[in-house]
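Below: one structure, written as structure tokens.
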Amino acid sequence: MIFGLIRLAIWLAGVAVVAYFAVTLMGYQVNWEYFSDRKKVCEEVLHQCQNDLIKTGLEGAKEKCKWQCFDPKLLIHKK
């Protein structure tokens, strides 16, 4: 069982490395700072949603809050 988990981890790491090199060879670039940048933006959106929830209740928060903080187009983009 442990051997199987180790083998799976090695396979996943290998696939990730091959995928990274394939992406860079096709002319794309991975934005490594994406998650730290988006964390700040998502925290601001969450804080605004909390204020809207307190002021207007659930209906106002549902109308004004943008819950989707992740945009995959910004994670991997053309060079």
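The values are calculated or read from the model by the stated rules, or taken from the named source; none is laboratory data. Note that this is a predicted model, so its numbers are computed, not measured. All Cβ positions, even for glycine, are placed from backbone atoms using ideal geometry, and neighbour counts span all protein chains on display.
Here are the numbers:
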quantity	calculated
Pairs, first within 15 Å of residue 73 (Cβ to Cβ) in region 30-59, second hydroxyl-bearing (Ser, Thr, Tyr), C-beta under 9 Å, six or more apart	30/20; 30/24
Qualifying residue in region 29-49 (condition: part of a loop (DSSP other than H, G, I, E, B) and surrounded by 10 or more Cβ atoms within 10 Å (Cβ to Cβ))	yes
Flag for residue 74 being touching a residue at least 12 places away in the same chain (Cβ under 8 Å) and not charged (D, E, K, R)	yes
Checking residue 59 against (1) of a type outside the set (Ser, Thr, Tyr); (2) part of a helix (DSSP H, G or I); (3) at pLDDT 85 or above, the condition it does not meet	(3)
